[in-house]
Amino acid sequence: MKSSSKIWITVSTLSIIMTIILIYGFIMAVQDIVNPSGDTAFISEQKETAITSPIEQSKEIKIAAIGDSLAKGTGDDEGKGFVRRVVSMLKEDGKEVRVTANLAINGLTAEKLLPQLDEAGVKYTLEQSNLILLSIGANDLFQGAQVNQGADINIPDTAALYKLLPKASGSLEEVLKKIAEINPNAEIVYVGLYNPFSDLQDLKQVGNAVVTAWNSKVLELINTYDQMALASTFDLFENNVPQLLASDHFHPNAQGYEEMAERIVEVLGITDQHGKKVEMGDE
């Protein structure tokens, strides 16, 4: 009887010990699922190498606009242009936004913009901004174009337009380089060109060809910078020129600027519900 009791006590004790071990193992397994430790060195490395947009890191989006009459908003009877419309759209999405300055000048070319980037006031404005909106190139390509009374349009022929491309794109390359040097931490959005004459049969083909060549060169240039993006506008205007252009048949009207602003915000990607930046392709 004593031998049986000892055996029973031993078996019971072992059973209790095994039960405790199983319970402890179960608790530890649950803790590991709820609060995984993992490889802390790897987690730290992942956080350090994660790429975040400069404007997503900032509490306030500070916008500087620079370039030609499109950045200035010429043609918009509401006086907003795409700059003020971008501000409104971002504010509607709950962002803190302000314009540090709009430095755009009517008739400005990339060649003339270049020396202005050395001016103290211009450099200071760009340095204080984390989002730079740039529109330049239309006057470089269509510098001889003008709309006369009676809807007569004077524009250089195909050969003349193509001759302008090398010099104009060279100036743009220097502009992009200098802006990136002035503020390497800002997000820079270049607003692509559209063909304002795509509704005129005689000028549609040549205009489309030259603008497409320009935008392709722009895409090639900005792809060498991590903080730059192209906001394409060619497709917005291609079949909608009568609806989107002002009476001068060159600058956008209020609706045109609205669509341009929507495209810029789309390119920024900061309103994407999944937090993913939207990249626009070439037109």
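Please count how many residues of segment 124-138 are on the phi > 0 side of the Ramachandran plot and out of contact with any Leu (no Cβ under 9 Å at 6 or more places or on another chain).
Total satisfying the criteria: 0.
When segment 199-208 is filtered for residues that are open to solvent by less than 40 Å² (accessible area, probe 1.4 Å) and modelled with pLDDT of 90 or more, only Asn208 remains.
Suppose we filter segment 231-246 for residues that are in a helix (DSSP H, G or I) and either open to solvent by 30 Å² or more (accessible area, probe 1.4 Å) or in contact (Cβ under 8 Å) with a residue 24 or more places away in the chain (or both); how many remain?
7
Taking segment 83-102, which residues are in a loop (DSSP other than H, G, I, E, B) and without any contact (Cβ under 8 Å) to a residue 24 or more places away in the chain?
If the condition is that a residue be in a loop (DSSP other than H, G, I, E, B) and without any contact (Cβ under 8 Å) to a residue 24 or more places away in the chain, then Gly94 is the only one that fits.
Listed by position, the helices (runs of 4 or more DSSP H) enclosed by segment 111-197 that each have at least 3 residues that are at pLDDT below 95 are 138-141, 158-182. Could you please tell me which pairs satisfy a Cβ distance under 7 Å, a separation of 6+ or placement on different chains, a first residue in segment 258-273 that is surrounded by 18 or more Cβ atoms within 10 Å (Cβ to Cβ), and a second residue that is at pLDDT 95 or above and hydroxyl-bearing (Ser, Thr, Tyr)? These pairs meet every condition: Met260/Thr233; Arg263/Ser232; Arg263/Thr233. Of the set (1) surrounded by fewer than 16 Cβ atoms within 10 Å (Cβ to Cβ); (2) more than 22 Å from the chain's Cα centre (by Cα), all apply to Arg98 but (2). Kindly indicate whether any position in segment 5-24 is modelled with pLDDT under 90, surrounded by fewer than 18 Cβ atoms within 10 Å (Cβ to Cβ) and either within 26 Å of Gln143 (Cβ to Cβ) or of a type in the set (Asp, Glu) (or both). Checked segment 5-24: no residue is modelled with pLDDT under 90, surrounded by fewer than 18 Cβ atoms within 10 Å (Cβ to Cβ) and either within 26 Å of Gln143 (Cβ to Cβ) or of a type in the set (Asp, Glu) (or both).
Restricting attention to segment 247-257, which residues are open to solvent by less than 20 Å² (accessible area, probe 1.4 Å) and either outside any helix (DSSP H, G or I) or more than 18 Å from Asp68 (Cα to Cα) (or both)?
The answer is Pro252, and nothing else.
The values are calculated or read from the model by the stated rules, or taken from the named source; none is laboratory data. All values derive from a computational prediction rather than experimental measurement. Quick reminder, even Gly has a Cβ in these numbers, built from the backbone with ideal geometry, and neighbours come from all protein chains shown. These area figures cover heavy atoms from the full protein model, side chains too; ligands, DNA and RNA do not enter into them. Shrake-Rupley method; radii C 1.70, N 1.55, O 1.52, S 1.80 Å.
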